[in-house]
Amino acid sequence: MRNQKTYTVNEATKILENYCAYQERCHKEVEQKLYDLNMISIAKEQIILHLLQHNFLNEERFAKAFVRGKFSIKKWGKVKIINELKFKGISAYNINSGLQEINQEDYLKTIQVAAEKKLNLIKEPTKFKKSTKLATFLISKGFESELVYKIIKDLI
């Protein structure tokens, strides 16, 4: 058996406060961190409660920050963002709240720019193959298929 460091509740609380202060975290990430620190259930609950009461942990704030980051930096579409948030155990209410961070005009502009950029890189002879490759790319970025097909129709 390997020799693992143990932490008091106070030490673990400080570690988690720093962890949450560094960047927004969701409950799942905090629980994983507590698991990695080998904390017992009662200590985990006590620490999570402390983090919630002192506003280190706020899932709505996390969802908003996550949406802003993935949309503005990674240029992800709403479908991919929603799936990632669901995977992280974020509630439907907080997901919808987070999605409000996306300006619809910016969203449409982003998908348009991504489509035009990718279209210039696709070296296919037929319209059908071009539009199929473009659709696959845009849908994999998380954009809604009805939007994708509308933009492709306008572009090709």
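Remarks
- Candidate set: the stretch 63-79, residues that are part of a helix (DSSP H, G or I) and in contact (Cβ under 8 Å) with a residue 60 or more places away in the chain; chosen: the one surrounded by the fewest Cβ atoms within 10 Å (Cβ to Cβ): Val79
- Asp154 meets the conditions (1) assigned to a helix (DSSP H, G or I); (2) under 30 Å from Ala12 (Cα atoms) in every case but one. The failed one is (2).
- Of the residues Leu138, Leu121, Leu108, Leu134, the single one that is out of contact with any Phe, Trp or Tyr (no Cβ under 8 Å at 6 or more places or on another chain) and touching a residue at least 60 places away in the same chain (Cβ under 8 Å) is Leu138.
- Qualifying residue in the stretch 134-147 (condition: modelled with pLDDT under 95 and β-branched (Val, Ile, Thr)): no
- Only listed residue being part of a helix (DSSP H, G or I), in contact with a Lys or Arg (Cβ under 9 Å, 6 or more places away or on another chain), of a type in the set (S, T, N, Q) and not assigned by TED's automatic domain parsing to the domain that holds Lys33, chosen from Asn94, Asn83, Asn120: Asn94
- Of note, Lys33 satisfies the criterion of being of a type outside the set (Gly, Ala, Ser) and within 29 Å of Gly142 (Cα to Cα).
- Within the stretch 131-156, considering residues that are surrounded by fewer than 15 Cβ atoms within 10 Å (Cβ to Cβ) and among the hydrophobic types (A, V, I, L, M, F, W, C), the one farthest from Ile111 (Cα to Cα): Ile156
- Residue selected from the stretch 94-105 under the condition touching a residue at least 24 places away in the same chain (Cβ under 8 Å) and not polar (S, T, N, Q), by the criterion nearest to Arg61 (Cα to Cα): Gly98
- Pick from the stretch 98-130, criterion among the polar types (S, T, N, Q) and at pLDDT 95 or above, ranking: surrounded by the fewest Cβ atoms within 10 Å (Cβ to Cβ): Gln104
- Residues (surrounded by 17 or more Cβ atoms within 10 Å (Cβ to Cβ) and not in a loop (DSSP other than H, G, I, E, B)) located in the stretch 30-49: Val30, Lys33, Leu34, Ala43, Lys44, Ile47, Ile48
- Residues (in a loop (DSSP other than H, G, I, E, B) and free of Cβ contacts under 8 Å to residues at least 12 places away in the same chain) located in the stretch 1-22: Met1, Arg2, Asn3, Lys5, Thr8
- Annotation: Asn55 fulfils all but one of (1) on the phi > 0 side of the Ramachandran plot; (2) in contact (Cβ under 8 Å) with a residue 12 or more places away in the chain; the unmet one is (2).
The values are calculated or read from the model by the stated rules, or taken from the named source; none is laboratory data. Because the structure is predicted, anything quoted here is derived from the model rather than measured. Ideal geometry is used to build each Cβ from the backbone, glycine not excepted, and the neighbour counts take in all protein chains shown.
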